[in-house]
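Everything below concerns the one structure shown next.
The values are calculated or read from the model by the stated rules, or taken from the named source; none is laboratory data. Note that the structure is a prediction, hence the values are computed from the model and not measured. We place every Cβ from the backbone using ideal geometry, glycine too, and count neighbours over all the protein chains shown. SASA here: full protein model, heavy atoms, side chains in, ligands and nucleic acids out. Shrake-Rupley method; radii C 1.70, N 1.55, O 1.52, S 1.80 Å.
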Amino acid sequence: VRALEDIVGPRHVLTSAEDLAPYEVDWTGRFRGRASCVVRPGNTDEVAAVLAACREAGVAVVAQGGNTGLVGGGVPRGGEVVLSLRRLDSIGDVDLIARQVTAGAGVTIAAVEAAAARSGLHYAVDFGARDSATVGGSVATNAGGLHVMRYGGTREQLLGVEAVLGDGRRITRLDGLVKDNTGYHLSHLLCGSEGTLGVVTAARLRLVPRYDERTVALIGFASVVAAVDAATAWRRELEYLEAIELMLADGVELVCAAFDLAAPLATRWPVYVLVEAAAATDPSAALARAVEATVGVGDVAVAVDAGRRTSLWRYRDDHTLAINTLGPPHKLDVSLPLRHIAAFAEEVPHRVVSAAPVARTFLFGHLGDGNLHVNISGVAPDDESVDDVVLRFAVELGGSISAEHGIGIAKRQWLHLSRSPDEIDAMRSIKRALDPTGIMNPGVLL
Ligand code: LAC
Ligand code: ZN
């Protein structure tokens, strides 16, 4: 602690139980552990010095941004130093020629979007935790979000990073060259490494054109099969889709009850799909034509103005918060081949109940990406029987155990379901090469 105080100043090393508390638990409440202290460096040199001091002392480091991760990868397990990157919150000028911006690790996703918007541009990564989640964390976890089907996830926006590796070497790739084919893409290797190789201190991000002509529709369906068929048709016919999101009646009702919202449609439907289109010219007519031509469409609510669009999005965005009101959930974000989504959605609640009779399963997710969020309430945080049945079922159907949240602590014992022994061994070799003393987020991912 004294060594860290010498580096960042005593004010930025937290040690009291009260100060540490918010850093020691993830926001779902499922993952928690004691930190030996929290250190808050103010620049990259301080980050490097903190890592050197921790290496010297043989103390493990958990990097933490906005602490909105969902797999326990950003909170301590016991005795680590929590390295909070939130003070690295400066953002550069938007480069209008390159359409890029450099943001410090502690800049929130909402702040990147605000900077982009001021320049008439848009940051393509967006998700419910936008006001707290940070650039550093989103890069370290390769965060997905609501618009992956159009723009890709965080890695697809990432031109390069500035980072300090576990062994002290630095990477500085912030020049924003779109084409730079000079060997291993170390920035993309760090993206999704979950704090196990080094600490991302800044990122150079791609921005995309801003489309203010936007239409959102919320549509009721009788079944997941009908919703999947509709999504398939829209993806074929519509050029400007930003999102196709799936919800089920019990999840929507939970959101309505938790936040005192009216039901989204006059009739209760078993399945709801939220679809958003955005373009330089009004996409409403094209979207309306596509929706009208779709078999199986029940009621439709349409929103064009910003306030009403936000109201429709709330039914989707607020799932995460509403589910948390039932106690710490088990959150499993599986990827599935589109052709198996309906079978999975139909069967998974039964498999969950057979493993844990009192469990409640809420399903929602990114239909356009074949990514379902299986949220299970009513199960003790450390009872992993439900995780086991859900993850095995996803893999049985040709899916992956994580679509966007990563492995963290939550899924590491199932990593072998999605990655081969050779792949895991290669990952271990990379880990050993860049973090030879093993101080970077030990126990996460591998
Ligand atoms: C979402 C986050 C939980 O899609 O991945 O809401
Ligand atoms: Zn998601």
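Hey, any idea what the orientation-averaged projected area of the convex hull of the range 201-261's Cα atoms comes to, in nm²?
Computing the convex hull of the Cα atoms and averaging its projections yields 7.6 nm².
How much net charge surrounds A286 when only the other residues with a Cβ under 12 Å from the Cβ of A286 are counted, with Lys and Arg +1 and Asp and Glu -1?
Residues near A286 contribute -4 overall.
Bin width 10 Å, origin at 0, all Cα-Cα pairs of the chain: what percent of pairs per bin?
With a bin width of 10 Å, the distribution comes to 4, 21, 30, 26, 14, 3, 0.
Taking just the C-alpha trace of the range 143-253, give me its Rg and Dmax in Å.
Cα-based Rg and Dmax for the range 143-253 come out at 19.1, 56 Å.
I want to verify a result. In a Gaussian network model of the chain, Cα cutoff 10 Å, which of these has the top mean-square fluctuation: S132, S429, S377?
Maximum fluctuation in the GNM of the chain, among the listed residues, is at S429.
In a shell of Cβ-Cβ distance under 14 Å around F221, excluding F221 itself, what net charge do Lys and Arg (+1) and Asp and Glu (-1) give? Mind showing how you got there, number by number?
On the way: positive: R268; negative: D229, E245, D299, E346.
Local net charge: -3.
Taking all protein chains in place and a 1.4 Å probe, what share, in percent, of the accessible surface of the range 273-340 do carbon and sulfur account for?
Exposed carbon and sulfur together represent 57 percent of the surface.
Once the convex hull of the C-alpha atoms of the range 1-71 is built, how many Å³ does it hold per residue, rounded to a whole number?
Measuring per residue, one finds 95 Å³ for the Cα hull of the range 1-71.
Running a GNM on the chain with Cα contacts under 10 Å, which residue among R360, R77, R40 ends up with the highest mean-square fluctuation?
For the chain, modelled as a Gaussian network with Cα springs under 10 Å, the answer is R360.
Would you mind giving the three semi-axes, in whole Å and largest first, of the ellipsoid equivalent to the range 195-308 according to its Cα gyration tensor?
In descending order, the three semi-axes are 28, 21, 15 Å.
With a Cα-only, solvent-free Debye model of the range 303-446, what are the log10 I(q)/I(0) values at q = 0.09, 0.12, 0.16, 0.20 Å⁻¹?
Evaluating at q = 0.09, 0.12, 0.16, 0.20 Å⁻¹ gives log10 I(q)/I(0) of -0.34, -0.58, -0.91, -1.20.
Measuring from the lowest to the highest alpha carbon on each principal axis, how far does the range 318-362 reach, largest first, in angstroms?
Result, largest extent first: 32, 25, 12 Å.
In whole angstrom, note down how far apart the Cα centers of the range 133-201 and the range 253-324 are.
One Cα centre to the other: 33 Å.
Multiply the residue gap between A293 and D131 by 0.36 nm, knock off their C-alpha separation, and tell me the result in nm, one decimal place.
The span from A293 to D131 would gain 54.6 nm if fully extended.
Suppose every K and R has +1 on its Cβ and every D and E has -1 on its Cβ; what is the size of the dipole of the chain about the Cα centre, in Debye to the nearest 20?
540 debye
Using alpha carbons only, what's the Rg to Rh ratio of the range 248-379 with Rh from Kirkwood?
We get a ratio of 0.98 for the range 248-379.
Over 20 Å, how big is the tail of the calculated P(r) for the range 265-338, in percent of all Cα pairs?
Within the range 265-338, distances greater than 20 Å cover 49 percent of Cα pairs.
For the range 127-202, which semi-axes, largest first and in whole Å, follow from the square roots of 5 times the eigenvalues of its Cα gyration tensor?
Listed largest to smallest, the semi-axes of the range 127-202 are 21, 16, 10 Å.
Summing +1 for each Lys or Arg and -1 for each Asp or Glu, what net charge is found among the other residues whose Cβ lies under 12 Å from the Cβ of R30? All intermediate terms of the calculation are to be shown ahead of the outcome.
On the way: positive: R32, K331; negative: D26, D382, D383, E384, D387.
Charge balance in the 12 Å sphere: -3.
Where does helix 109-118 land angle-wise versus the long Cα axis of the chain, in degrees 0 to 90, nearest 10?
Computed tilt is about 70 degrees.
For Y272, what accessible surface area do you get with a 1.4 Å probe? Give it in Å², rounded to 10.
That residue has around 10 Å² of solvent-accessible surface.
Full-extension gain between D422 and D260, please, as 0.36 nm times their residue separation minus the C-alpha to C-alpha distance.
On the way: separation 162, 0.36 × 162 = 58.32 nm, distance 5.07 nm.
My answer for the length gained is 53.3 nm.
Any idea what Rg and Dmax come out to for the range 373-418 if you just take the C-alpha atoms, in Å?
Considering the range 373-418 through its Cα atoms, Rg and Dmax are 10.3, 28 Å.
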